[in-house]
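The values are calculated or read from the model by the stated rules, or taken from the named source; none is laboratory data. It should be emphasised that the depicted structure is a prediction, and the values quoted were computed from it without experimental measurement. A quick note on method: Cβ atoms are made from the backbone with ideal geometry, for glycine too, and the neighbour counts reach across all protein chains shown. In case anyone asks, the SASA skips ligands and DNA or RNA and just uses the protein heavy atoms, side chains included. Shrake-Rupley method; radii C 1.70, N 1.55, O 1.52, S 1.80 Å.
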Amino acid sequence: MKHNNPPTTIKLTVDKVSLRAGLYLVGTPIGYLKDISLRALETFMSVDFVACEDTRVTGKLLHHYGIPTKKIKYNDHSNLPARENIINIIEQGQSVALCSDAGLPLIADPGYKLVAECVEKGLYVTSIPGANAALTGLQLSAMPTDQFIFLGFLATKKKAREDYLKRWKDVPVTQVYYESARRIVDSIRAVQTVMGERHVVVARELTKSYEEVLSGTCSELIGRLEAKPIKGEVVFIVSGEGDVKELNDDDILKQLRCEIHEQKHSVKESVRIVMDQSGWPKKKVYEHALTVKNE
Ligand code: SAM
């Protein structure tokens, strides 16, 4: 879906305000520059320093809004001295805004140790809310949102990824993960292996020009994404245990095609896999497997 980027320019004058000494956790856009709050801009303008994951990335955002505040680095590689530097600045009565490259700092991004140390020292810490990829993806997933669990990034290695998924297999609420477009098919396959056939959603490039939400069973999405691989940033959403789409004959045929023709498994092995994942009776799966084999 092409984003309808309105051709308007909003002229903003961001004034400095007086802020109390402390750490300000500031949400930034996840792709669309206007997805930033007025308070976030005012905070960036008013703090003494902006601590950024990558000064070039945040530099572009600040430049766009004409904010000249001095930037310092704070990222995953930042160690104790970097934290102590920020804490010293605050203890001397100044203010620091912490932001990541995109979205909310601390959410699958650096910052938690810094917040913990500030809180321990009794320093003022506050949050300026903003965009977040996990919640945006969840909203668009059309899966239950009354209860959900955010599970961060999936591991890149197969065994670690499957072990992690096993921990959440029986959780009966919608599961939200961060994943890369390159590994998404492997991850859907891992979900299918560990959790059985589930309803999954791949929400990619949210708020950007190529925003797209793909939805289906594991087998359906594996087939679609193998035929037409995707690029960009991805939120991966998995239905909770018990919240599984009823499989019909087409779903079973698709799964069998994948096992027999793409995975090159024998008919016997494919029937076993599909039976395990779907809970369908052996006789019915076997009949469908023969149809697929003879296609
Ligand atoms: N702190 C960020 C937040 O609040 O959303 C998340 C940072 S995390 C390092 C980056 C991951 O978030 C990406 O690998 C991707 O899984 C997800 N992500 C970030 N922006 C996204 C977007 N525009 N569309 C889809 N996923 C996105």
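With R₀ fixed at 51 Å, the C-beta to C-beta distance from residue 158 to residue 18 puts the FRET efficiency at about 0.40.
Per residue, the chain exposes 53 Å² of solvent-accessible protein surface, assessed with a 1.4 angstrom probe and all protein chains in place. State the percentage of accessible surface on region 141-283 attributable to carbon and sulfur atoms; use a 1.4 Å probe and exclude ligands, DNA and RNA. Carbon with sulfur: 51 percent of the solvent-accessible area. The alpha-carbon of residue 121 sits under 12 angstrom from the alpha-carbons of these aspartates and glutamates, leaving out residues fewer than 8 places away in its chain: 84, 91.
Shape class for region 254-295: oblate, because the ratio a/c of the largest to smallest gyration tensor axis (alpha-carbon atoms, square roots of eigenvalues) is 1.5 or more and b/c is at least a/b.
Got a number for carbon plus sulfur as a percent of region 22-131's accessible area, 1.4 Å probe?
51 percent
DSSP bridge analysis restricted to the chain gives an antiparallel fraction near 45%, rounded to the nearest 5.
Using only C-alpha atoms and all pairs of different ones, pull out the Kirkwood radius for the chain in Å with one decimal. Mind showing how you got there, number by number?
Working: mean 1/r = 0.0465 Å⁻¹.
It is 21.5 Å.
Counting helices only, and only those DSSP H runs with n ≥ 4, report the 222 nm mean residue ellipticity of the chain as the sum of -39,500 (n - 2.57) divided by its residues, in deg cm²/dmol to the nearest 500. List each step's numbers first, then the result.
Values: 11 runs with 114 residues, N = 295.
Computed mean residue ellipticity for the chain: -11500 deg cm²/dmol.
On the basis of the beta-carbon distance and an R0 of 41 Å, residue 112 and residue 146 show a calculated FRET efficiency of 0.95. Which entries in 71/166; 166/228; 71/158; 16/231 show an alpha-carbon gap greater than 30 Å? Correct reply: 71/166; 71/158; 16/231.
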